[in-house]
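The values are calculated or read from the model by the stated rules, or taken from the named source; none is laboratory data. Nothing here was measured: the structure is a model prediction, and the numbers come from that model. Here the Cβ positions follow ideal geometry from the backbone for every residue, glycine too, while neighbour counts run over all protein chains shown. Heads up: the accessible areas ignore ligands, DNA and RNA and are worked out on the full protein's heavy atoms, side chains in. Shrake-Rupley method; radii C 1.70, N 1.55, O 1.52, S 1.80 Å.
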Amino acid sequence: FVSKSYKKGFNVKKILTDMAKSIGMEIVFDKNVKDFTLTYPIILHDNIRNSLVQVASYIGCTCSIANNRAYIVSSNPSGVITYYQFDEENIQRPRYLQDKKIEFDAPYMPALQIGSFVKLVNKKMEVDDVFQICKLESSFSNYSEECETKITVKY
């Protein structure tokens, strides 16, 4: 829970980083977010997760929370882009499909939606690009805490 006020001109990146750290959450910033300066004073009086979303909106961004990470993503004129990066460390079995799609398994991410965008980096496949999600399948195990999401993207 946070209850604090900030003056005009304060650096929002610091506010977001401090809030995420206070609840042990990693924070990831979209490289397209350039201006983190508040143009007016704000007062926060809510739980940390709601406050992260609220503060991100003050700089024209969205905040998506998944797998103990807060993703701060810039909005664009055509709508909001949810952006997640997957690389060799957090994906399994990436494979090309015949219909110009790539499928891979990732940790369970309930915030992902069809239409969201993901960045896929895989040196073995020579892939380093942003793709739109066209299919999601989540699986849960009754015998362990492991959950995963099979993600299919168009290229």
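How much net charge surrounds Leu136 when only other residues with a Cβ under 12 Å from its Cβ are counted (Lys, Arg +1; Asp, Glu -1)? The answer is -2. Only DSSP H runs of four or more residues enter the estimate; each adds -39500 (n - 2.57), and after division by the residues of the chain the mean residue ellipticity at 222 nm equals -4500 deg cm²/dmol.
Using only the alpha-carbon atoms, how far is helix 48-58 inclined from the longest principal axis of the chain? Give it as 0 to 90 degrees, nearest 10. In the chain, helix 48-58 runs at an angle near 80 degrees to the longest axis. A simple count of charges around Tyr40, restricted to other residues whose Cβ falls under 11 Å of its Cβ and scoring Lys, Arg +1 and Asp, Glu -1, yields +2.
The C-alpha atoms of the chain define a longest principal axis, and helix 12-22 lies at about 70 degrees to it.
Rolled with a 1.4 Å probe across the full set of protein chains, the surface gives Lys14 an accessible area near 110 Å².
Ordering Thr17, Thr149 by accessible area with a probe of 1.4 Å, largest first, what comes out? Intermediate values should be presented prior to the final figure.
Working: Thr17 35, Thr149 0 Å².
Ranking Thr17, Thr149 by accessible area, largest first, yields Thr17, Thr149.
From the square roots a ≥ b ≥ c of the eigenvalues of the alpha-carbon gyration tensor of the stretch 109-155, which class results: rounded (a/c under 1.5), prolate (a/b over b/c), or oblate? Oblate, because a/c is 1.5 or more while a/b does not exceed b/c.
The heavy atoms of Tyr155 offer some 120 square angstrom of accessible surface to a 1.4 angstrom probe.
In the chain, a dipole from Cβ-located charges (positive for Lys and Arg, negative for Asp and Glu) runs towards its positive end, and of Pro94, Asn67, Val2 it is Val2 whose Cα lies farthest in that direction.
To the nearest 20 debye, what is the magnitude of the charge dipole of the chain about its Cα centre, counting +1 on the Cβ of each Lys and Arg and -1 on the Cβ of each Asp and Glu?
Taking the Cα centre of the chain as origin, the dipole is about 580 debye.
Accessible surface ranking for Tyr143, Tyr71, 1.4 angstrom probe, highest first: Tyr143, Tyr71. Using the 1.4 Å probe convention, the accessible area of the chain works out to 61 Å² per residue with neighbouring protein chains retained. Counting only the Cα atoms, the stretch 1-81 fills a convex hull of 84 Å³ per residue.
Where is the GNM fluctuation largest for the chain (alpha-carbon springs, 10 angstrom cutoff): Glu137, Glu126, Glu103? Comparing Glu137, Glu126, Glu103 in the GNM, the peak value goes to Glu126.
With the alpha-carbon atoms of the chain aligned to their principal axes, the span from lowest to highest coordinate is 54, 39, 24 Å, starting with the largest. Under 19 Å Cα-Cα from Lys4, which aspartates and glutamates qualify once same-chain neighbours fewer than 8 residues away are excluded? Leaving aside aspartates and glutamates fewer than 8 places away in the same chain, those within reach of Lys4 are Asp18, Asp46.
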